[in-house]
Amino acid sequence: MLGLPSIAVEWLGVGALLVVLGYLIRFRQWTFLVAGYDETSRLPDDAVANIAGNTVLRIGLATIGLGAVFALADPPSYLPVVFGAAVLLAVVRLLYRLRTYTPADAA
């Protein structure tokens, strides 16, 4: 066994899952994974895939990074709370970008 702390394995596993989901949304255009989005929306699939996929990928990579921190060191106990606040801000930014999306004019 690698001897990783269980908390590090949890963060690394969740991060890997989020990276896979972000990849599927962003590059495979699996927008059905985005809650509340369907083909009747005014937003095009490629815009939703780009915005939502990039956000999920970023959060997943940050989660893997946090798992690496837990594997290599003993971080302060408030670090997961700070990470949660950062994820909340990323989700608020995602919702804002989706709500204010305006398509580029084809010139």
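Where a number appears in this text, it was derived from the coordinates with a stated rule and is not lab data. Just so you know, these numbers come straight off a predicted model, no measurement behind them. Cβ sites come from the backbone with ideal geometry, for glycine too, and all protein chains shown count toward neighbours.
Dividing the summed helix terms, -39500 (n - 2.57) for each DSSP H run of n ≥ 4, by the number of residues in the chain produces a 222 nm estimate of -23500 deg cm²/dmol to the nearest 500.
The chymotrypsin sites (Phe, Trp or Tyr not before Pro) of segment 7-107 meeting both criteria, a DSSP state outside H, G, I, E and B (loop) and at most 12 other C-beta atoms within 10 angstrom of the site's C-beta, are Tyr78.
The residues neighbouring Arg93, those whose beta-carbon lies less than 12 Å from its own, together hold a net charge of +3 under the Lys/Arg +1, Asp/Glu -1 convention.
Between Leu17 and Asp74, the distance separating the two model label sites (each 7 Å from Cα on the Cα→Cβ line) works out to 2.9 nm.
Inter-label distance, Tyr101 to Leu4: 3.3 nm, where each label sits 7 Å from its Cα along the C-beta direction. Exposure here means at most 16 other Cβ atoms within 10 Å; with trypsin sites (Lys or Arg not before Pro) in a DSSP loop as sites, the longest stretch of the chain lacking them is 43-107. With K and R counted +1 and D and E -1, the other residues having a Cβ less than 13 Å from that of Ile59 yield a net charge of +3.
For the chain, the Cβ-based charge dipole about the Cα centre amounts to some 160 debye (Lys, Arg positive; Asp, Glu negative; other atoms uncharged). What number comes out for the charge environment of Leu4, summing +1 per Lys or Arg and -1 per Asp or Glu over other residues with Cβ under 14 Å away? That works out to -2. Distance between the pseudo-spin-label points of Val91 and Glu39 (7 Å out from Cα toward the beta carbon): 2.9 nm.
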